[in-house]
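Structure record follows, encoded as structure tokens.
The values are calculated or read from the model by the stated rules, or taken from the named source; none is laboratory data. Just so you know, these numbers come straight off a predicted model, no measurement behind them. Because the Cβ atoms are built from the backbone with ideal geometry, glycine has one as well, and the counts that use them run over all protein chains shown. Note: areas computed on protein heavy atoms with side chains; ligands, DNA, RNA excluded. Shrake-Rupley method; radii C 1.70, N 1.55, O 1.52, S 1.80 Å.
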Amino acid sequence: MQDVSWKERMYRSMVSFGINFSRRSDGTINRLIMNLFDLKAPPSKQPLDGIKTLDTMVDSTRNLWFRLYIPSTTTEDANMPVIIYFHGGGFAYMSANSIGCDNLCRRLSKQTGAVIISVNYRLTPEHKYPCQYEDGFDVLKFIDISNSSLEAFPSYANLNQCFIAGDSAGGNLAHHVTVKACEYEFRNMKFIGLIAIQPFFGGEERTESEIRLTDAPIISVKGTDWLWKAFLPEGSDRDHPASNVFGPKSVDISRLNFPATMVFVGGVDILHDWQIRYYEGLKKCGKEAYLIEYPNAFHSFYAVPEFPETALFMQDLNDFVQKQSAK
């Protein structure tokens, strides 16, 4: 990971150590230990670098809440798109207020000028599939019904220009929540785009990128196997439709009015081939899909501001949001 500052290297090393050290031999996670390494960022009602944030509880019984990111504006007739965002972490780690997740959403909000709703969903293995998908979809329904009564939810947020987005496991989550959204009639929200950032997909087959990139940064085949086992229902294999969305057990989405989708892929990511297959699967189903590939990008590169491809990623994502919003 050349071009990464010592500060960023230290933060990533700390989080990686916490992940490895907190895993128990019985397949569970010691949350007390993990929380020592997963540092949190508080909300900021006063604008910080042009973005203010506010946390809203949806369901306290399952700690389902979201962090709202609102760009500063000088005019009340601004027309801001809305991005519902799902963080990464293999369904098992991180939260909407983890420092890395918070920093990324701040930069995305500033770059796109969009209101971002970052969802804090339940984690596995304490809460296995389909809890995460249910949480994500419930937040969509909550926003659709309650947006006008929510504290600080801006009136100039355009709910007719909604995007569903996520990175890594959040990209997987974004896809499945979008499928559920396509089969539901919303009162106020219209979904015009899906943004899948290095989405976490998989299957029983070992792809060429999984075999070739055994020493790739951030994630490993052994690590992803552990995460799938922690997430999927007991007795399932990795060809479960939650992981292998266009595999032998997949659900046909051809009939759905699926929104335009942008898939971001890194060349130095063991998930590379599964992400390419996802893009190809969308195209085969007749969906509007775009692929952006950065040959030198490792998994979660977008969280490193000084990495050269991060600026390209931010611009490409912004271009997609602006293009779909202008239709």
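Heavy-atom accessible area per residue, the range 6-326, 1.4 Å probe: how many Å²? Working shown, then result.
On the way: 13560 Å² over 321 residues.
On a per-residue basis, 42 Å².
In a reduced charge model with +1 at each Lys and Arg Cβ and -1 at each Asp and Glu Cβ, the range 136-208 shows a dipole moment near 260 debye about its Cα centre. Placing +1 on the Cβ of each Lys and Arg and -1 on the Cβ of each Asp and Glu in the range 119-206, which of 160, 197, 177 has its Cα farthest towards the positive end of the resulting dipole? Toward the positive end, the furthest listed residue is 160. Highest mean packing comes first when the peptides 140-146, 119-125 are listed by Cβ atoms within 10 Å, giving 119-125, 140-146.
Counting charges near residue 53 (Lys, Arg +1; Asp, Glu -1) among other residues having Cβ under 14 Å from its Cβ returns a value of +3. For the range 173-274, trypsin sites (Lys or Arg not before Pro) are listed when DSSP marks them as loop and at most 16 other Cβ atoms sit within 10 Å of their Cβ; the list is 187, 190, 206, 249, 255. The amide H of residue 246, built 1.01 Å from its N in the peptide plane, has no neighbour under 5 Å, considering only residues 5 or more places off or on other chains.
Only alpha carbons enter this Debye calculation for the chain, each as an equal point scatterer, and the log10 of I(q)/I(0) it gives at q = 0.07, 0.14 Å⁻¹ is -0.25, -1.12. Taking other residues whose beta carbon is less than 13 angstrom from the beta carbon of residue 258, and scoring Lys, Arg as +1 and Asp, Glu as -1, yields +2.
Amide H to amide H, with H built 1.01 Å from N, residue 193 comes under 5 Å of 164, counting only residues 5 or more places away or on other chains. With all protein chains in place and ligands, DNA and RNA left out, the 1.4 Å accessible area ranks 252, 215 as 215, 252, largest first. Per-residue ellipticity at 222 nm for the chain, helices alone: DSSP H runs ≥ 4 residues times -39500 (n - 2.57), over residue total, nearest 500 deg cm²/dmol? After summing the helix terms and dividing by the residues of the chain, the value is -11000 deg cm²/dmol. Rounded to the nearest 20 debye, the dipole size of the chain about its Cα centre is 360 debye, using +1 on the Cβ of Lys and Arg and -1 on the Cβ of Asp and Glu.
Among the trypsin sites (Lys or Arg not before Pro) within the range 15-100, those in coil by DSSP and having at most 14 neighbouring Cβ atoms inside 10 Å are 24, 45.
Give, as ranges by residue number, the residues of the range 283-315 whose backbone N falls under 17 Å from the point 7 Å along Cα→Cβ of residue 215. Answer for this model: 298-299.
Using the Karplus relation 6.51 cos²θ - 1.76 cosθ + 1.60 with θ = phi - 60°, the per-residue 3J(HN,Hα) values for the range 321-326 come to 4, 5, 5, 5, 5, 7 Hz, with x marking Gly and Pro. In order along the range 93-108, the Karplus-derived 3J(HN,Hα) couplings, from 6.51 cos²θ - 1.76 cosθ + 1.60 at θ = phi - 60°, round to 10, 6, 8, 5, 9, 4, 4, x, 5, 5, 4, 5, 5, 4, 5, 5 Hz, and Gly and Pro are given as x. Computed with a 1.4 Å probe over protein heavy atoms only, the accessible area of residue 49 comes to about 110 Å².
Sequence-distant contacts, meaning Cα pairs under 8 Å at least 6 residues apart, place the relative contact order of the chain at 16 percent. Kirkwood radius and radius of gyration were both taken over the C-alpha atoms of the range 92-175, and their ratio Rg/Rh is 0.96.
Converting phi to 3J(HN,Hα) with the Karplus coefficients 6.51, -1.76 and 1.60 and the offset θ = phi - 60°, the range 238-244 yields 6, 8, 3, x, 5, 9, 9 Hz in sequence order, with x at every glycine or proline. Would you mind counting up the charge near residue 295? Only other residues with Cβ under 12 Å from its Cβ, with Lys and Arg at +1 and Asp and Glu at -1. In short, -3.
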